[in-house]
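Structure, as structure tokens:
The values are calculated or read from the model by the stated rules, or taken from the named source; none is laboratory data. Note that the coordinates shown come from a computational prediction; the quantities given were computed from them, not determined experimentally. All Cβ positions, glycine included, derive from the backbone under ideal geometry; neighbour counts span all protein chains shown.
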Amino acid sequence: MSSSARLLAAAALAAMLVAEAGAQAPGPMTPPPDRKVTRRIEIGPAAEPPPIPAEEIVQKFVAKEDRYAAAFRTYTYNLTVRIVATGTDAAGSGEARVTTQIYSKPDGERVGRFLEEPESTLKSFDFNRGDLMEFASLPQFVLTSDQLAKYDITYVGKQKVDEIDAYAFHIKPKSVDRRERRFEGVVWVDDRDLEIIKTYGRFLTDVISEEPFQLFETYRELVGDMRLPTYVRSDGEKKAGEAMVPLRLTLRYSDYTPPTKN
């Protein structure tokens, strides 16, 4: 087994410890459009206010984020982490992939086990353990009530997300801190249940990041009575020899099982 594959496996297991947020039952029903995630975030003010006050929408979806954050830590689920290099020559191509199952032991400790042997055909890259842990954890953003005061939130209009009518909000941290990653980007909230169905953005500290993946697009789907992330994607690039090789990181969450009620 290559060192890249072993490290990718460690990253998948680390995801359960550093970023508990994800889900999937049958989805994604429809794969997200194949567009670059590395476009700039450009958000302007809304031309019209929403039909209900924006502050009320925020209060309602943040309350559901509190419920989501607590519930997700109790689910059993599968997590597949995949990195694909798409260089023009053999040395700059290949992929690494691993699937793990994340679950709770009887004492509540979160653990993981491999569902398949890690595989890697990456030839030019050997991401270290810290890199892959970051890749697995950074895409998750949950706006809970205890985080709300740290952000400026601006309503930017009504948009469609895969045929779902949604309210879009620009989220921006009031300050950055090297001790805590804070999100800057957009969240889309469905106009019926007022739950987040998609996020797109980056995570900021006051330290300049050298990571190849900077912007993350996360889709959530209905699992039981809750919308949880099912698919995360980020596009980036990394130098291999004299060339910059395009990379794509994806995380897929599947087979969610809620805790057994006593």
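Here are the numbers for the structure shown:
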quantity	calculated
Any hit, region 231-246, residues being in a strand (DSSP E or B), within 22 Å of residue 62 (Cα to Cα) and touching a strand residue (DSSP E or B) at 6+ places or on another chain (Cβ under 7 Å)	yes
Residue ID - modelled with the lowest pLDDT, chosen from residues in region 209-218 that are outside any loop (DSSP other than H, G, I, E, B) and in contact with a Ser or Thr (Cβ under 6 Å, 6 or more places away or on another chain)	215
Pick from region 218-253, criterion under 10 Å from the mean Cα position of the chain (by Cα) and of a type in the set (D, E, K, R), ranking: surrounded by the most Cβ atoms within 10 Å (Cβ to Cβ)	220
Region 103-147, subset over 22 Å from residue 256 (Cβ atoms) and among the basic types (Lys, Arg), residue modelled with the highest pLDDT	123
Qualifying residue in region 88-99 (condition: among the acidic types (Asp, Glu), part of a helix (DSSP H, G or I) and either touching a residue at least 12 places away in the same chain (Cβ under 8 Å) or surrounded by 20 or more Cβ atoms within 10 Å (Cβ to Cβ) (or both))	no
